[in-house]
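Colleague: Quick one: the structure is below, and I'll ask about it shortly.
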Amino acid sequence: MQDFLDEIPVETLRGERVVLRALTEEDFVPLYAVIDGSREFLSEHLPWPEECHSVEDVAARIDSWDMQAQMGNGACWGIFKKNAGASCDAALEIELAGCIIVGWVQWANRSATLSYWLGKSYTGLGLATEAVKKISKYVFSLGINRLEISAAVNNPASIAVARRAGFVEEGRCREFERINGVFVDHWRLSLLSKDIQIG
């Protein structure tokens, strides 16, 4: 395999509960609805929801993720919840629940970060855990060796998702992020390609 990818392919990945695929223009409105309907919930641990006040703001954010993918520096997938009896990704059988993002790709070190979020009504269903597992295997198959997740110490749900997906705590990062004017510590967790079977 070459040392790096010129572009990270955002392939559609299917699991038992989720479909992960690239976001399109048709997703801008439903994605904004998820953000707007969960704004207070998301803003508790994330700095960016307060910057998304319109469908145009969401479109700009998705465009920036697409640009990162085209430069080989990251990629974004929409997390779509499969509805009861769904067997494919037909529009009526899935609904947009959130996003999962690969970022800060360092091809020289074969490392990247992973972040994810769901609308409030989609939490507790196992969607994030399955999405993290699917994306981890996928990026490892592209040549990445190490994935890192950072989650606020007061966000036990996100930390639990990372642990269920096999990530191991490495340490506490003091005042890692400023959210709502307050500096918060984060736990750093990692997963190596050798930690899981990619088959």
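The values are calculated or read from the model by the stated rules, or taken from the named source; none is laboratory data. For clarity, every value in this text was computed on a predicted model and none was experimentally measured. Here the Cβ is made from the backbone with ideal geometry for all residues, glycine too, and neighbour counts use every protein chain on show. With ligands, DNA and RNA removed, areas are computed over all heavy atoms of the protein, side chains included. Shrake-Rupley method; radii C 1.70, N 1.55, O 1.52, S 1.80 Å.
Colleague: Only one residue in GLU16, GLU44, GLU11 is more than 21 Å from LYS82 (Cβ to Cβ) and open to solvent by 50 Å² or more (accessible area, probe 1.4 Å). Which one?
Modeller: Among GLU16, GLU44, GLU11, only GLU44 is more than 21 Å from LYS82 (Cβ to Cβ) and open to solvent by 50 Å² or more (accessible area, probe 1.4 Å).
Colleague: Being within 17 Å of LEU23 (Cβ to Cβ) and either among the polar types (S, T, N, Q) or not in a helix (DSSP H, G or I) (or both) is the filter here; which residues of the range 46-61 pass it?
Modeller: TRP48, CYS52, SER54
Colleague: Here's something else I'd like to know. Working only within the range 177-187, note down all residues that are surrounded by 14 or more Cβ atoms within 10 Å (Cβ to Cβ) and touching a Phe, Trp or Tyr at 6+ places or on another chain (Cβ under 8 Å).
Modeller: Across the range 177-187, the qualifying residues are GLU177, VAL184, HIS186.
Colleague: Out of GLY85, GLY74, report the one residue that is closer than 27 Å to GLU7 by Cα and at pLDDT below 90.
Modeller: Being closer than 27 Å to GLU7 by Cα and at pLDDT below 90 holds for just one of GLY85, GLY74, which is GLY74.
Colleague: Given the conditions (1) more than 29 Å from LEU96 (Cβ to Cβ); (2) surrounded by 14 or more Cβ atoms within 10 Å (Cβ to Cβ), report the number of the one that ALA165 does not fulfil.
Modeller: The one condition ALA165 does not meet is (1).
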